[in-house]
Amino acid sequence: MRMNLKEIASKQIEDSIETKKAVLDTLLPEIEEAGRIASEVLKKGNTILFCGNGGSSCDASHIAAELVVRYKSGNERRALPAISLSADSAVLTACSNDYGYEFVFSRQVEAFGKPGDLLVGLSTSGNSKNVIAALEAAKKAGMKTISFLGGDGGKMKGMADLDLIIPRKETARIQESHILIGHILCSIVEYELFQLG
């Protein structure tokens, strides 16, 4: 039986709203803490590194860009040091070819990460081998770590200093909530560093 397209669309929107309500009810303290950690890292002149695969790769680049450029239109401020480890195709392909895809992020953490920097790893499943390796490399480098996860948190649960776990299994709902939290993080940073609302 063919589904009504309006029903398909409305169901997706309703699911997204329910997921965001769950985030509001269960993750607000962790979101605030993530904003505080990111703000402190940047106040001290350190850098935030982001990584993820697929849609999470795009979210990593999106959040990094908001920090480098600006989050909110009209918020004129200096650029902030943030890097997406998913953005350099030459590094990604060279590392994949020479060492394996599992090391594409950890190799960059080794190159760019310094004590006091922050790594934010995004993985909807929590089982991404290359993000796990990046978290391990970040710990070794003396960096702070935050994970954006989904479902039960997977293998990454408990590996980072702070986990933000979206209590859903659907990848789309998890990713929508990850970018929402990323936007909130940017908003907190702009307020904490520049008193911009």
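Anything in segment 2-52 that is of a type in the set (D, E, K, R), assigned to a loop (DSSP other than H, G, I, E, B) and either within 15 Å of the chain's Cα centre (by Cα) or farther than 28 Å from Thr145 by Cβ (or both)? List them, or say none.
First, the residues of segment 2-52 that are of a type in the set (D, E, K, R): 2, 6-7, 11, 14-15, 18, 20-21, 25, 30, 32-33, 36, 40, 43-44.
Right, trim to assigned to a loop (DSSP other than H, G, I, E, B) and you get 2, 44.
Within segment 2-52, just Arg2 meets the criteria.
State which residue is nearest to the chain's Cα centre (by Cα) when the search covers only segment 172-197 and only residues that are over 20 Å from Asn46 (Cβ atoms) and surrounded by fewer than 16 Cβ atoms within 10 Å (Cβ to Cβ).
Here the residue is His183.
Would you please list the contacts, defined by Cβ atoms under 9 Å and residues six or more apart or on different chains, that run from a residue in segment 97-119 that is touching a residue at least 60 places away in the same chain (Cβ under 8 Å) to a residue that is outside any helix (DSSP H, G or I) and among the basic types (Lys, Arg)?
These pairs meet every condition: Gly116/Lys44; Gly116/Lys144; Asp117/Lys144; Leu118/Lys144; Leu119/Lys144.
Restricting attention to segment 53-106, and to residues there that are part of a helix (DSSP H, G or I) and crowded, with 22+ Cβ neighbours inside 10 Å, which single residue is farthest from the chain's Cα centre (by Cα)?
Looking only at segment 53-106, we keep the residues that are part of a helix (DSSP H, G or I), and these are 55-68, 89-98, 101-103, 106.
Among the residues that remain, those that are also crowded, with 22+ Cβ neighbours inside 10 Å are: 56, 59-60, 63-64, 67, 106.
Numbers: Ser56: 7, Asp59: 7, Ala60: 5, Ile63: 7, Ala64: 9, Leu67: 12, Ser106: 16 Å.
Selected residue: Ser106.
Limited to segment 139-179, what total is found for residues that are part of a helix (DSSP H, G or I) and closer than 18 Å to Pro115 by Cβ?
Here the count works out to 2.
Read the figures in this text as sums done on the coordinates, not as results from a lab. Keep in mind that this is a model prediction, so the values were computed, not measured. Using ideal geometry, Cβ is built from the backbone for each residue, glycine included, and neighbour counts are taken over all protein chains shown.
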